[in-house]
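A.B. asks: This is the structure I want to talk about, given as structure tokens.
Derivation of every value follows stated rules applied to the coordinates shown; laboratory data play no part. Since the model is a prediction, treat every value here as computed from it, not as a measurement. Note: ideal-geometry Cβ built from the backbone for every residue, glycine included; neighbour counts use all protein chains shown.
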Amino acid sequence: MAEHTGTTRPQWTKNRFAGLIFLLAGLAVILHAFALSIGSWQEPGPGMWPLVIGVALVLASVAVLSQRIDAAEGEEFTPRSLLAVPAMLSLYVFVWAFSLLGSTVPGFLLALFWLKVLGRRSWPISIVVSVVATAVFYVLFVLALGVPFPDDVLLGGR
Amino acid sequence: MDILANLADGFAVAFTPVNLLYVVVGVSVGMVIGVLPGLGPAATIALLLPITFGLESATAIIMLAGIYYGAYYGGTITSVLLRLPGEAASVVTAIDGYQMARQGRAGAALGISAIGSFIGGLVAVVGMVLIAPPLADFAVGFGPPEYVALAAVGLLLVTYLGTRSFSMSIVSALLGLFLALIGIDPIAGTPRFTFGIEELRDGLNFVPVAMGLFGIGEILFNLEGRYGSADDRAKVGRILPTRDDLRRSSGAITRGSLMGFLIGVLPGGGGVVSSLTSYGIEKRVSKQPERFGHGAIQGVAGPETANNASSTSAFIPLLTLGLPSNGVLALIFGALLLQGVTPGPDLITAHPDIFWGVIASMVLGNVVLLVLNLPLVGVFVQLLKVPIEVLAALTVLITMVGVFSVRNNIFDMYVVLAFGALGYLMRKIGLEPGPLVLAFVLGPIMETSFRQSMLISNGDPAVFVTRPVSGTLLGLALLVLCWSVFGKAIGRRRKATEENGTLTKTEAE
């Protein structure tokens, strides 16, 4: 493998990076715990338990920082990892559209996007699966389980 | 006898048409997702939580339990035929099972694992019937310090037994404990870590957290295209094991049943740990350890029996103490909470239909699996032809719509997104989501018990070690940890000397 020499360093940095984030998170938890009032041993305040967790988090992140984690632990980021960005964006847009337009149109578009764009399926398969899935979920959740979805742009309110 | 009468009631619950239907649905779904790589029992149970909401409590748990042990049956099929473990516990099965398949004995490998799993499941059910009620009686006397000790020991063992590095698993558990803090403080009523967001005052809901971490996180991870092909599939061949196969695996099945049962009761013991341990034991016990890795039937029979036995006995701590022992059981705990049932020592007496119904359904489910498993192997393998992209599209849609349906809440949908991203990143840096979810569930129990203990003892932290049960538990945990740390060091040294020994021997030759 050509990139073999390159793989050890990014792996190392990634774990260090993660450890650093946990360390900062732990310190933030401790700070917030003090702001909440610790109380005493006799009468622990709302900050006592967060303090325990914050201190443990700091200790654990120091342990993470101090050791080199086996390279097999995590997964490398690859160019295909970038797909996670449009995938997340599509879900974000879906939530927003769902609250305005109900489940049918946004549901169909979300499934279509995942099948056609992210999944590179053919048009006929993508359209058929999206239509069927949207219909099945509508029947299951709205008609069978009676979940009050937001008013639907196609089918109107109930 | 009392137990028999209760068991009969349990079968009456399990045999109602609705529950019968859901046993079959549960184990079938379990087998399907066990076959499909990438979608494990945890993700599936998380995705189905909204649907269980509308069911009776006993029915919901019967179905979810079926998914859990059904997945182990399904995972075996792809491990043996394709060396593609559908879920983690089948990884060891892939070693010898796939070798057997290459020697044209795939059928025997599948047959013996189905039989072994069946026996292991039954042994665990019997053990559960005998152990759970007295354990629950004993646990009724537990006070807050015992619960702190149990939860702490449980979390420690789960992170310790996890497949990833110890410190990273601890971090994952601590993140879970932290996330459980968000919301109103249970005793004083102060809002904590809400970042000024009104919706966070009630705390994070378990369902979107689990669905995000396991469902969306898993899908994002699979988007990168890490799946094998079903092309190089082996022929199944004769399914019924020969008398010789049975004779050779009987020891492995017996040991696997007992060991799997015992390990399953321990926190973190269900699934992977039991199958790995069983494989290790069988290799050590065998007179021909060199056959392992080259199609030894004991290497399939033992682990498969053990993982099914342990997935059954893992229900004991949940149903008697109210403490889930691994990530999947944490999800089932969440499902019970959704039903308004808080699992604890009084569950057996307060909700006998759940306890005995679930036990009886396990017997039924194992029979169904044994009957379904072998004839339908071919059908299940065909499932691998469904493109993963289609599954992903369907899964995101059901996740997003499903999470809304639990509380009719748009905010929960954003929570799913956030935890989907977190789950994806955690996987990337090698943090397991299991300990996080478990800790998230245990967090409130631990905090409340901790603060009550302090109040009871008038601020003396020694209360955790002076009370017999909590003291013993913490002591045992310490002992186990020390023993394994030192044991590992000794083992490493012994291995080193052995290697030196063989080296000098070869040099002498």
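A.B. asks: Yes or no: B:Gly104 in a helix (DSSP H, G or I) and not aromatic (Phe, Trp, Tyr)?
C.D. replies: Values: in a helix (DSSP H, G or I): no; not aromatic (Phe, Trp, Tyr): yes.
No; evaluated as a whole, the condition is false for this residue.
A.B. asks: Cβ-Cβ under 8 Å, sequence separation 6+ or interchain: first residue in region B:170-184 and touching a residue at least 24 places away in the same chain (Cβ under 8 Å), partner of a type in the set (Lys, Arg) and assigned to a helix (DSSP H, G or I). Which pairs?
C.D. replies: none
A.B. asks: If you don't mind, there's one more thing I want to ask. I'm checking my understanding of the structure. Among residues of region A:76-124 that are β-branched (Val, Ile, Thr) and within 9 Å of another protein chain (Cβ to nearest Cβ), which one is nearest to B:Met426 (Cα to Cα)? Explain how you work it out, then say what you get.
C.D. replies: At the first step, the residues of region A:76-124 found to be β-branched (Val, Ile, Thr) are A:78, A:85, A:93, A:95, A:104-105, A:117.
Next, from what is left, pick out any that are within 9 Å of another protein chain (Cβ to nearest Cβ): A:78, A:95.
Numbers: A:Thr78: 16, A:Val95: 23 Å.
Per the stated criteria, the residue is A:Thr78.
A.B. asks: Looking only at region A:125-158, which residues are closer than 25 Å to A:Arg80 by Cα and more than 9 Å from chain B (Cβ to nearest Cβ)?
C.D. replies: Of region A:125-158, the ones closer than 25 Å to A:Arg80 by Cα are A:125-127, A:129-130.
Correct list: A:Ile127 only.
A.B. asks: Contact list please: Cβ distance under 7 Å, first residue in region B:102-130 and within 13 Å of B:Ser278 (Cβ to Cβ), second residue polar (S, T, N, Q) and in a loop (DSSP other than H, G, I, E, B), pairs at least six apart or on different chains.
C.D. replies: Nothing qualifies.
A.B. asks: Taking the condition of being touching a helix residue (DSSP H, G or I) at 6+ places or on another chain (Cβ under 8 Å) and within 14 Å of chain A (Cβ to nearest Cβ), how many residues in region B:369-400 meet it?
C.D. replies: Result for region B:369-400: 12.
A.B. asks: Check region B:296-313 and report whether any residue there is among the aliphatic types (A, V, I, L, M) and under 27 Å from B:Asn205 (Cβ atoms).
C.D. replies: Start the filter on region B:296-313 by keeping residues that are among the aliphatic types (A, V, I, L, M), which leaves B:296-297, B:300-301, B:306, B:309.
The next check asks that each one be under 27 Å from B:Asn205 (Cβ atoms); those that pass are none.
No, every residue in region B:296-313 fails to be among the aliphatic types (A, V, I, L, M) and under 27 Å from B:Asn205 (Cβ atoms).
A.B. asks: Moving on to the next point. Which is buried (at least 18 other Cβ atoms within 10 Å of the Cβ) and either at the interface with chain A (Cβ under 10 Å from one of its Cβ atoms) or touching a Pro at 6+ places or on another chain (Cβ under 9 Å) (or both), of B:Ala149, B:Ala132, B:Ala139?
C.D. replies: Details: B:Ala149 fails: either at the interface with chain A (Cβ under 10 Å from one of its Cβ atoms) or touching a Pro at 6+ places or on another chain (Cβ under 9 Å) (or both); B:Ala132 fails: either at the interface with chain A (Cβ under 10 Å from one of its Cβ atoms) or touching a Pro at 6+ places or on another chain (Cβ under 9 Å) (or both).
Just one listed residue meets the conditions, B:Ala139.
A.B. asks: Can you run down the residue pairs with Cβ atoms below 7 Å, 6 or more apart or on separate chains, where the first is in region B:191-211 and in contact (Cβ under 8 Å) with a residue 24 or more places away in the chain and the partner is assigned to a loop (DSSP other than H, G, I, E, B)?
C.D. replies: Within 7 Å, the pairs are B:Leu204/B:Ile182.
A.B. asks: So in region B:419-437, with the set limited to residues that are at the interface with chain A (Cβ under 10 Å from one of its Cβ atoms) and among the aliphatic types (A, V, I, L, M), which one is surrounded by the fewest Cβ atoms within 10 Å (Cβ to Cβ)?
C.D. replies: Ranking the candidates gives B:Leu425 first.
A.B. asks: Does region B:409-425 contain at least one residue that is of a type in the set (S, T, N, Q) and assigned to a helix (DSSP H, G or I)?
C.D. replies: Start the filter on region B:409-425 by keeping residues that are of a type in the set (S, T, N, Q), which leaves B:409.
Now restrict to residues that are assigned to a helix (DSSP H, G or I): none.
No: zero hits.
A.B. asks: Quick one: which of B:Thr194, B:Thr190, B:Thr159 is under 30 Å from B:Ile398 (Cα atoms), among the hydroxyl-bearing types (Ser, Thr, Tyr) and either within 14 Å of chain A (Cβ to nearest Cβ) or more than 18 Å from the chain's Cα centre (by Cα) (or both)?
C.D. replies: Working: B:Thr190 fails: under 30 Å from B:Ile398 (Cα atoms); B:Thr159 fails: under 30 Å from B:Ile398 (Cα atoms).
So the residue among B:Thr194, B:Thr190, B:Thr159 that is under 30 Å from B:Ile398 (Cα atoms), among the hydroxyl-bearing types (Ser, Thr, Tyr) and either within 14 Å of chain A (Cβ to nearest Cβ) or more than 18 Å from the chain's Cα centre (by Cα) (or both) is B:Thr194.
A.B. asks: What tally of residues in region A:33-68 results from selecting those that are surrounded by fewer than 23 Cβ atoms within 10 Å (Cβ to Cβ), over 25 Å from B:Thr159 (Cβ atoms) and free of Cβ contacts under 8 Å to residues at least 12 places away in the same chain?
C.D. replies: Summing the residues that are surrounded by fewer than 23 Cβ atoms within 10 Å (Cβ to Cβ), over 25 Å from B:Thr159 (Cβ atoms) and free of Cβ contacts under 8 Å to residues at least 12 places away in the same chain in region A:33-68 gives 7.
A.B. asks: Among the residues of region B:152-190, count how many are more than 16 Å from A:Gly47 (Cα to Cα), surrounded by fewer than 24 Cβ atoms within 10 Å (Cβ to Cβ) and hydrophobic (A, V, I, L, M, F, W, C).
C.D. replies: Looking only at that region, the number is 7.
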